[in-house]
Amino acid sequence: MDFSSSIVCLVLTLILILLLYSSIFRRTKTSHAKLPPGPNTIPVLGNLLNLDNKPHKSLARLAKIHGPVMILKLGSVTTIVISSPTAAKEVLQKHDVSFSNRMIPDAVRGHSHHELGMPWIPVSPLWRSLRKICNSHMFASQSLVARQNIRSLKIQQLLSFVRESCDNGVAIDIGKAAFSTTLNMLSNAIFSVDMIDPSSGSANEFKELVWNMMEEMGRSNLADYFPALKMIDPQGKRRRFTEYAGKMFGVFDELIKTRLLARKTIGSVETEDLLDTLLGIEESSREIDRRDIEHLFLDLFLAGTDTTSNTLEWAMAELLHNPTILSKAQEEMDQIIEKDRPVEEVDLARLPYLHAIVKETLRLHPPTPLLLPRKAEEDVDLYGFRVPKGAQVLVNAWAIGRDPGTWDNPELFWPERFLGSAVDVKGQDFELIPFGAGRRICPAIGLASRMLQLMLASLIHSFEWKLEDGIGAEDVDMEDESGITLRKAQRLHAIPVHRINCC
C-alpha cells in the first residue's frame, strides 16, 4: 500500500469513527430527553378517536393513565397536554418565554384576527402596546374605581329586572340575565351606552352571536388537525367566524363614527370611556390604528361577557345544588350588610365566604378549561421530557382544579377549603389557574372578580331562589358543554323570592 492509499484509508477510518460517534451521541441525547408518554396512535388520525365532545374530560382521563405531561398526535399536530400544578408551573413560569406564543385555530384567521387580536398575536410591539393600553386605561385599579358607579347602576337595573320577575312569579334564565348585565357593564365602560335591553330579544341574539364565535374557535376543526385543509375550510368554521365578527365590527364601526362626528361637531366630548381614550391615542401616536381598536373591542366583548356570565351561572347552580352553602353565604352578608340596602362594592372585602365560593366555582368550572393553546418556539426540556419545537401545548386547568394529589375531595363543592388559605386566582398559585399565568395571563382578572362577586352577592342577598317545576336541590343538572369556554349543558332557570325590601 503506497502513502497516498494509506492517507485515503486513514481519512475514511476517521470519517467512520466520526459518524459512529455522532450516531452514539444522538442516541444518547434522545434518550436523555425523550418524548412524553401517551396513548398509541393510529395512522392518519393519530389520537383523535381518544377525544370526545368534552376534550377537557377525555384528556383528564388519559392523563390518569399516561401522566401529567402527555403527548398526543391530533391528526398531524403534535400536542403536549399538561395536567398537574407542577408541570403547569414549568410551562407558564419557568419556560414562559418558550411557550408565550399561540397555536392559532384556523377559525380565528377570519378578518385576520390572528394578526390583530391581543390573545392571538405573538409577543411583539403591537401586543405590548395593546396590553399596556388595557392595563393602563381599562383594568388598572384607578380605572376600576372610576367606573364603580357604572357597575352599581347596572346591578340596580339587574335587581329591578329580577324584582319584576319575582312579583310575577316567573323563572329567570340566570345565564342570560348575567350576560346582559355583564355586556352592558362593559359597553358602558367602552362606549358609554347600553348595547342591549335586558328585557328584549336582542339580549338573546347578542348572546348567541358571542357564543357562536366562541364555538367556532373552540370546537373541533379538521383544518386545525390537518393544516393542509386550511385552504378549503372544510367545515366552514372560518367562514362563519368571519360572518359573525363582521356583524360585531359593524356595530363597533357605527359607534365609532357617531363618536367621531360628535368630536368634530362639538370639538370635544366629555367622556371617560375607553373609546375616547383610544381615539386620542390613535390621533397622537402611531401605536395603534382603527383596525387595532376594533379588534381590541372584539376581544374585550368575547373574553369579558361569555366567561363571566358562565361563571356566575355555575356559581348560582352550585349554590342551588348546595342550599346549606347558600344559607351560610346569606348569613355572612346579613351580618355585614343591612337588610334595607343593596350590596355595594365596598362591602365585598368583608365577605370572605363569598370570595371562597367564587374561588371554588372557578376551581371546578374554569371559564376556559384548556386555557388558550400555546406553541413551543423551540425544543424544551420539560419535567424530564422533550417538548419538540412547533408542538401545540394545552394546559388542562379543569383537570388541575380536580387533581386529587392537590385537593381533598376534589369533586366536592366546598368553599371552606379556601377560608384562611392564601391560594388565589392571580397566576401565582398553579393549583388554581382559571385565568392562566405568566405573561399571557388574562389582564382582566380584577374586573372579572369584581363583576362576579358583585352580581352574585346582589342576587343572593336580595332574593331567595327556588327551582322551577318542583325540582329538588339534588336534581340540579351540573353537566357541562365545552367550546373554548365552559358553559352549562342545560340553562339554569330559577324563581326569585324577596328577601329584603330595597331591591
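Restricting region 280-323 to residues that are among the basic types (Lys, Arg) and in contact with a helix residue (DSSP H, G or I) (Cβ under 8 Å, 6 or more places away or on another chain), which is least open to solvent (accessible area, probe 1.4 Å)?
ARG290
Condition first: within 21 Å of the chain's Cα centre (by Cα) and of a type in the set (Val, Ile, Thr). Now tell me which residues in region 117-173 satisfy that.
Answer for region 117-173, where residues must be within 21 Å of the chain's Cα centre (by Cα) and of a type in the set (Val, Ile, Thr): ILE121, VAL123, ILE133.
Every residue in region 113-127 that is assigned to a helix (DSSP H, G or I), open to solvent by 30 Å² or more (accessible area, probe 1.4 Å) and either under 22 Å from SER285 (Cβ atoms) or touching a residue at least 60 places away in the same chain (Cβ under 8 Å) (or both), please.
GLU115, PRO125, LEU126
Looking only at strands (runs of 3 or more DSSP E) that lie completely in region 402-503, which have at least 2 residues being of a type in the set (Asp, Glu)?
Qualifying strands (runs of 3 or more DSSP E): 480-482.
Report, by residue number, each residue of region 376-397 that is within 13 Å of PRO68 (Cα to Cα), open to solvent by less than 30 Å² (accessible area, probe 1.4 Å) and not in a loop (DSSP other than H, G, I, E, B).
LEU382, VAL393, LEU394, VAL395, ALA397
Has region 463-475 got at least one residue that is open to solvent by less than 10 Å² (accessible area, probe 1.4 Å), touching a residue at least 60 places away in the same chain (Cβ under 8 Å) and of a type outside the set (A, V, I, L, M)?
Yes, region 463-475 has at least one match.
Quick check, is ARG147 under 22 Å from THR307 (Cβ atoms) and touching a helix residue (DSSP H, G or I) at 6+ places or on another chain (Cβ under 8 Å)?
When the stated conditions are applied, ARG147 passes them.
Got at least one residue in region 134-146 being among the hydroxyl-bearing types (Ser, Thr, Tyr), assigned to a helix (DSSP H, G or I) and open to solvent by less than 30 Å² (accessible area, probe 1.4 Å)?
Yes, region 134-146 contains at least one residue that is among the hydroxyl-bearing types (Ser, Thr, Tyr), assigned to a helix (DSSP H, G or I) and open to solvent by less than 30 Å² (accessible area, probe 1.4 Å).
Out of LYS64, LYS73, which single residue is among the charged types (D, E, K, R), modelled with pLDDT of 95 or more, crowded, with 18+ Cβ neighbours inside 10 Å and not in a loop (DSSP other than H, G, I, E, B)?
Just a single option satisfies the conditions, and that option is LYS73.
Suppose we filter region 37-61 for residues that are in a helix (DSSP H, G or I) and farther than 21 Å from PRO434 by Cα; how many remain?
The total comes to 3.
How about region 466-503: which of its residues are hydrophobic (A, V, I, L, M, F, W, C) and under 28 Å from the mean Cα position of the chain (by Cα)?
Selection gives VAL476, MET478, ILE484, LEU486, ALA489, LEU492, ALA494.
Report every pair of residues separated by at least 6 positions or lying on different chains whose Cβ atoms are under 7 Å apart, first residue within region 216-228 and over 13 Å from ARG240 (Cβ atoms), second open to solvent by 40 Å² or more (accessible area, probe 1.4 Å) and in a helix (DSSP H, G or I).
LEU222/LEU229
For region 26-53, which residues satisfy the criterion of being surrounded by 11 or more Cβ atoms within 10 Å (Cβ to Cβ), within 24 Å of GLU215 (Cα to Cα) and either of a type in the set (A, V, I, L, M, F, W, C) or modelled with pLDDT of 95 or more (or both)?
LEU45, GLY46, ASN47, LEU48, ASN50, LEU51
Taking the stated definitions as given, is SER76 under 23 Å from GLN428 (Cβ atoms) and either of a type outside the set (Val, Ile, Thr) or over 22 Å from the mean Cα position of the chain (by Cα) (or both)?
No: the conditions fail for SER76.
Against the definition (open to solvent by 10 Å² or more (accessible area, probe 1.4 Å), within 25 Å of the chain's Cα centre (by Cα) and in contact (Cβ under 8 Å) with a residue 12 or more places away in the chain), how does MET248 come out, yes or no?
no
Return the residue satisfying two criteria in turn: it lies in region 335-370 and is free of Cβ contacts under 8 Å to residues at least 24 places away in the same chain and farther than 25 Å from LEU447 by Cβ, and of such residues it is most open to solvent (accessible area, probe 1.4 Å).
Selected residue: GLN335.
Would you pick out the residues in region 372-391 that are among the small types (Gly, Ala, Ser) and at pLDDT below 95?
GLY384
The values are calculated or read from the model by the stated rules, or taken from the named source; none is laboratory data. On a predicted model such as this, the values are computed, not experimentally measured, just so you know. Here the Cβ is made from the backbone with ideal geometry for all residues, glycine too, and neighbour counts use every protein chain on show. Surface areas here come from the heavy atoms of the whole protein model, side chains and all, with no ligands, DNA or RNA. Shrake-Rupley method; radii C 1.70, N 1.55, O 1.52, S 1.80 Å.
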